Amino acid sequence: MKVLLQYTFRNLKNNKKTTFASMAAVLIASTLLFSLCSIFYNNIAWQADIERYESGGWHAEVGGQLTKEGLEIIENNLQIDKIMIKGPFMSVQLPEESRLPYLLLRDADENYWSLMGEKNAITEGRAPEKPGEIVVSKSFFDNNPGFRLGDSFTLTAGHRMAGGELWDAGARMEGEQFLPEEKVTLTVVGKLDMTTPTTTPGYYAMGFLEHEALNDTDELVVYVTMKNIRDTYKVMPPLMEQLGFEKNEYGNYENHFRYHSRLLALGGVFPPMENFSPGYLSNYANLFFYATLVLLAAAAFVLIIHSAFAMSARSRIRQLGMFRSVGATPGQIRASVLLEGIGVSLLPIAAGIGLGQLFTALMVRIYTGILGDLIYFPFTLRFSWGIALTAAFVSFLTVLVSASLPAKKMAELSPVDAIRMQEDAAGGKKCWLKRRKSRARLGLFGVEGVMAQASRKANRRSFRAGLAALTMCFVLVSGFFCLLTLNNLVTERNAAARHYNILMRWQMASEPEPEMLQEIFSLPGLEEGTWFYRTRVSYWAEPSMETEEFAANGGFADVDPDHYSVLERDGRYRIRADILGLEASFFDDYCRALGSDPEAYNNTEVPRAILVGNVSRYPGIANNSEKEQEEYRMLSLEAGDVLTLEEKLRDSDETDYSFRVEIGDRADKRPVLDEYNSDYSIQLYVPIETYREIVAGFRPETAESYYQICGVGLTSVEKDIAVTEKIREISSRYLAEEDFTIRSREEERQENEVSGRAMEAVVNLTGVLLSLIGIFNALSAASVSLQQRRREFAVLRSAGMDEAQLRKMLLLEGLRTAAAPVLTGLPVLLVIIIYLLGVTDLSWKSCLPVLPYGKILLNAGLVMASVGAAYLLAFLGMRKETIADAVRDETV
């Protein structure tokens, strides 16, 4: 065995060409493997950084009616690492000249200021460090220029009261009172980049909380981190029961509890799979995507590296046969080949980690450089030893698998077969010349064509691994580009499905200024537009109201309550009902389109509405596809029926207000408002005045929700951005910046275009590296294989084949070999495209004109050119070599 090992190492040293080919294959393979792992790790870490920066590093929140007694239970839980506490709200009365009357002050403890996101929202100054120090939202300084950082002042603190209840953080209400409690001295030490909507009569402020200052009755909000993040979903439910919190009718704790689900998911922690569903698998989408890429890359590298090792093993098959003849066991032969694989892989794998980190840095730099200002949070490139060791392990495992295949094959050869260099003798295969001798047909390309075809088939095993690797590289790169193109197509389809290109939202607590809406919707360039109110109530539906078609599809009884707001109780089902108050002229046009008289909906004793009660044939689809538009009637309600609706959406809502609405007409089509309607709900469209009458009986504290104004506008593409900016300018004259949101399709398109270019650059870089791997493998496989056939070509030359005939034979053989990866990969690529079309619900008609044909052809051309280059180099080498030298060639 010692002699065999010495021979193995000497062979690596003396046969520098095959050794370099193997090392280069391992280097490129390990580089891309590490890059894929590093990109995944850095992307997840970056998103987790953003989440911790903006929202804090907590794992679960417990709030609502939690007091000091419950806080002690949380503190005594051995599986909880840290707790962060926010105290109760307090209203601090500002001087009369202030634009808003209060500071809405809430204290937080030291852990909160260390671990939560508010400290990062301080644009000037610092976080509070002792009681009495506060930070205040920036709008406070904008509206009260007399106050500066560092100012100290003594004001009256107390509580806002409305309806006999504390209302410190609620929206402005008529008749609310302020109950003073004490004088407090406050020092402003920081400015918060936060605002409160003007529907709330105060500026948000935060101070410093000492645990000793808490009263037994103070209602607290506590954020916790676990000692082991993976225990979060196990620890919190029993803790909530211990604290005495109960779930509502939908199985939720409502405002008393929530998980930091995004941060947990970025840490690989997901809710327990109580009910298996496709939605649950979406939690693992990114993980599955990257894992699939790594597995595909590893599979490609097995083929690539196997090809290099197989060539090296074949180059010394005679020597291994000699060792077998003098007593070497099959195990020793296998160990020799495996040892060679290990020897040529250690240094390249280590170097591949370094090159992979450089490649990752290059991709990150290009990606962030293209996105520019669209990346609002800095991307920090990290190096993880865990990722590096994982990539190195996968690379080394890939090498072992790749080397074990030729090692097993070499070990199974008999000494005689190995010495005769007839690798397939055990299978009874004969020389390809003898096999074809009696059947040769000249065909279209003459005897050279027949010999080229016979030669390619006889030596196909030499190229099998290399061609398979080239095929996979072609499919991976082309598939990347197709995926990117289809993703862009889905984005364009979703945008085109919206009739309007400008969407507007104004947060109000009362009726808006009529001049604002009039000024906006009379803007030059705004071709079409309207505005409306929307609120949500509940309706109890009887099973007898289900249409035959809906009942045949399972009806409400088959609806999953964990995914849709459908609650069964006493044989009835509580579903959501959306009430939309449409602007007068728009409602009139909608009525006339249905053939109804708009006047029939005005001044009625019972409010009258147009009902749309349809359900999607494919619930859960929200991709603006044709399937989403397919609906059928859910309830057998007709004009003249009277519905009793409730303001209460959940049992915990403190209201018993109910009202009746008469169906004036039943429609199958909704008005075009670009609004998303949840599945298993009904929509009731009413004139704006009727809407105001209905919501007049709602709870005053919910005014923020039912007085929110939604607006839509249509312009030409050229005027999109200019009109959008003008709408923002008008809105800012009537409302604070935090009270409105204006979105433009053209702005979104420009942002998506930049994001698409950045992603395409990353795909291009990955494709270049994959292509280099395939091209290198093709060159290596073809050149080494052709070099091993030098004797075969020498025999042909000695039999009278001239240089032109040899060139023609190699050309025909090379063309057939070069086309094989493309011809094999195209059907696979077609299957991938068919799968992607099924997932995205895109049609061939929309897909065919935009597929990246140029990039696919370029990729195919590179693959074919790499094989062609290998044949060319081999031919040029054979031209310079004499027949005698080729016949007596021996590999050391």
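The values are calculated or read from the model by the stated rules, or taken from the named source; none is laboratory data. In this text, all values refer to a predicted model and were calculated from it rather than measured experimentally. Don't worry about glycine lacking a Cβ; one is built from the backbone with ideal geometry, like all the others, and counts go over all protein chains shown.
At-a-glance table
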read-out: Which numbered condition Ile50 fails, given (1) surrounded by fewer than 19 Cβ atoms within 10 Å (Cβ to Cβ); (2) at pLDDT 90 or above; (3) in contact with a strand residue (DSSP E or B) (Cβ under 6 Å, 6 or more places away or on another chain); value: (3)
read-out: Filter pass, Leu27 being in contact with a Pro (Cβ under 6 Å, 6 or more places away or on another chain) and either assigned by TED's automatic domain parsing to the domain that holds Glu181 or among the charged types (D, E, K, R) (or both); value: no
read-out: Subset of segment 615-649 (residues that are more than 18 Å from Val695 (Cβ to Cβ), at pLDDT 90 or above and either among the hydroxyl-bearing types (Ser, Thr, Tyr) or assigned to a loop (DSSP other than H, G, I, E, B) (or both)); value: Tyr632, Met634, Ser636, Leu637, Glu638, Ala639, Gly640, Asp641
read-out: Cβ pairs under 8 Å, 6+ apart, first in segment 569-589 and at positive phi, second at pLDDT below 95 and part of a helix (DSSP H, G or I); value: Gly571/Pro543
read-out: Test for Met226: is it within 30 Å of Asp570 (Cα to Cα), surrounded by 13 or more Cβ atoms within 10 Å (Cβ to Cβ), touching a residue at least 60 places away in the same chain (Cβ under 8 Å) and not charged (D, E, K, R); value: no
read-out: Tally, over segment 93-126, of residues that are among the small types (Gly, Ala, Ser) and outside any helix (DSSP H, G or I); value: 3
read-out: Single condition Ser846 does not satisfy, out of (1) at pLDDT 80 or above; (2) crowded, with 19+ Cβ neighbours inside 10 Å; value: (2)
read-out: Residue pairs meeting the criteria (Cβ under 8 Å; at least 6 apart or on separate chains; first surrounded by 19 or more Cβ atoms within 10 Å (Cβ to Cβ), in segment 665-682; second at pLDDT 90 or above and of a type in the set (Lys, Arg)); value: Tyr680/Arg576; Ser681/Arg576; Ile682/Arg576
read-out: Test set (1) crowded, with 20+ Cβ neighbours inside 10 Å; (2) under 29 Å from Arg536 (Cβ atoms); (3) charged (D, E, K, R) - Asp720 fails condition number; value: (2)
read-out: Filter result (more than 17 Å from Arg633 (Cβ to Cβ) and surrounded by 13 or more Cβ atoms within 10 Å (Cβ to Cβ)) within segment 605-618; value: Pro607, Arg608
read-out: Wholly enclosed strands (runs of 3 or more DSSP E) of segment 152-254 bearing at least 2 residues outside the structural domain of Glu654 (by TED's automatic domain parsing) and among the basic types (Lys, Arg); value: 177-192
read-out: Residue match in segment 606-618 (condition: more than 22 Å from Asn677 (Cβ to Cβ) and assigned by TED's automatic domain parsing to the domain that holds Asn677); value: yes
read-out: Count - residues of segment 488-514 that are in a loop (DSSP other than H, G, I, E, B) and touching a Phe, Trp or Tyr at 6+ places or on another chain (Cβ under 9 Å); value: 7
read-out: Segment 184-199: number of residues that are within 38 Å of the chain's Cα centre (by Cα) and closer than 27 Å to Arg52 by Cβ; value: 8
